[in-house]
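**Student:** Sharing a structure below in structure tokens format, with a few things to ask.
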């Protein structure tokens with residue numbers, strides 16, 4: 001996989017709002033490492049790809065919604081690694097009129113299978129997974145979001161890209177795989193905040209606890225900045241994303257990183273972040289999902305330079 005980790009630069013975010021509060025904030029630009037396998041996706045997939053090759057599997061099989069970053073990244077990673085791929089898509093509504101994300105998945109060689117929401121919700125049921133493995137005997141089955149031991153282990157490599165002397169790391173949380181991988185790889189003295197971008201995000205705490213080596217060591221899940229639910233937005237979030245781009249020239253996605261940065265700035269304004277904190281916010285990519293917001297964003301998501309896609 002042609003991943004350019006040199007593009008994963010750490011960009012300082014400076015301005016009076018932060019300086020007045022003694023906050024030193026930077027952003028780890030994982031969104032720049034690849035145009036399709038962006039952000040944290042490559043890290044979660046690299047060990048799964050290696051496992052598939054080691055086991056003699058010929059394809060990757062995974063789950064995702066019609067706008068899933070994970071589906072697209074898996075399709076691109078499989079193609080780049082000489083593997084086939086199949087995606088199990090939630091719901092039938094995108095079967096006839098495919099989203100741009102699903103069209104890109106097919107362009108990267110992914111076979112799409114559409115599941116009813118009821119069947120999709122069985123994605124953790126051992127009997128259902130056994131049926132899938134029988135239907136795809138040549139496939140390595142990867143959970144939604146890459147949330148397995150290989151995905152969490154791969155995500156742990158992100159910790160090595162975080163600047164020294166950082167005392168607080170923030171990142172968006174979907175399945176919790178990246179959060180767990182980084183938490184276990186970081187020094188225990190470095191705190192972490194995970195921002196859930198969907199309602200009832202507190203349900204992830206049990207999943208994170210289960211998968212961490214040190215379950216309650218220096219982390220907190222922030223659940224209040226979901227803007228109505230997963231992949232939903234409100235005008236104040238769009239205004240924030242546009243203002244953020246004007247000030248820092250960094251595009252944010254509205255599903256994950258935009259909500260994290262909005263929440264982080266809100267917490268700074270409310271003095272919920274200690275003065276003098278040295279923060280590294282992780283940009284987990286997923287900018288392709290912004291194509292549904294072309295008319296709302298100050299920048300055109302379809303024309304962001306390759307390094308920023």
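The values are calculated or read from the model by the stated rules, or taken from the named source; none is laboratory data. Since the structure is predicted, the reported quantities are computational estimates derived from the model, not experimental observations. Please note: Cβ atoms are built from the backbone with ideal geometry, for glycine as well, and neighbour counts cover all protein chains shown.
**Student:** Any idea how many residues of the range 88-111 are outside any helix (DSSP H, G or I) and under 19 Å from residue 36 (Cα atoms)?
**Tutor:** 8
**Student:** Quick check on my filter: what residues within the range 40-65 are touching a helix residue (DSSP H, G or I) at 6+ places or on another chain (Cβ under 6 Å) and not in a helix (DSSP H, G or I)?
**Tutor:** 40, 60, 62, 63, 64
**Student:** Oh, and also: Condition test on residue 188, is it within 18 Å of residue 214 (Cβ to Cβ) and part of a loop (DSSP other than H, G, I, E, B)?
**Tutor:** It is true that residue 188 is within 18 Å of residue 214 (Cβ to Cβ) and part of a loop (DSSP other than H, G, I, E, B).
**Student:** Output the residue which, of all residues in the range 245-262 that are assigned to a helix (DSSP H, G or I) and out of contact with any strand residue (DSSP E or B) (no Cβ under 7 Å at 6 or more places or on another chain), is surrounded by the most Cβ atoms within 10 Å (Cβ to Cβ).
**Tutor:** Going through the qualifying residues, I end up with 258.
Yes/no per residue for (1) in the same structural domain as residue 141 (by TED's automatic domain parsing); (2) free of Cβ contacts under 8 Å to residues at least 60 places away in the same chain; (3) in contact with a strand residue (DSSP E or B) (Cβ under 9 Å, 6 or more places away or on another chain); (4) buried (at least 24 other Cβ atoms within 10 Å of the Cβ):
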| site | (1), (2), (3), (4) |
| --- | --- |
| 9 | no, yes, yes, no |
| 31 | no, no, yes, yes |
| 51 | yes, no, yes, no |
| 61 | yes, no, yes, yes |
| 70 | yes, no, yes, yes |
| 74 | yes, no, yes, yes |
| 80 | yes, no, no, no |
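**Student:** Out of all the residues in the range 187-210, which are at pLDDT below 95 and more than 16 Å from the chain's Cα centre (by Cα)?
**Tutor:** Those that are at pLDDT below 95 and more than 16 Å from the chain's Cα centre (by Cα): 187, 188, 189, 199, 200, 202, 203, 205, 206, 207, 209, 210.
This table checks each residue for (1) exposed (fewer than 14 other Cβ atoms within 10 Å of the Cβ); (2) in contact (Cβ under 8 Å) with a residue 60 or more places away in the chain; (3) under 30 Å from residue 26 (Cα atoms).
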{"site": "123", "(1), (2), (3)": "no, yes, no"}
{"site": "131", "(1), (2), (3)": "yes, no, no"}
{"site": "154", "(1), (2), (3)": "no, yes, yes"}
{"site": "166", "(1), (2), (3)": "no, yes, yes"}
{"site": "175", "(1), (2), (3)": "no, no, yes"}
{"site": "185", "(1), (2), (3)": "no, no, yes"}
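**Student:** I'm trying to understand the selection: among the residues of the range 133-151, which are crowded, with 18+ Cβ neighbours inside 10 Å and over 22 Å from residue 204 (Cβ atoms)?
**Tutor:** Within the range 133-151, 136, 139, 140 qualify.
**Student:** Can you pull out the residues in the range 202-244 that are surrounded by 20 or more Cβ atoms within 10 Å (Cβ to Cβ), in a helix (DSSP H, G or I) and in contact with a strand residue (DSSP E or B) (Cβ under 8 Å, 6 or more places away or on another chain)?
**Tutor:** 208, the sole residue that qualifies.
**Student:** For residue 148, indicate whether it is under 24 Å from residue 208 (Cα atoms) and touching a residue at least 24 places away in the same chain (Cβ under 8 Å).
**Tutor:** Judged against the criteria, residue 148 is a match.
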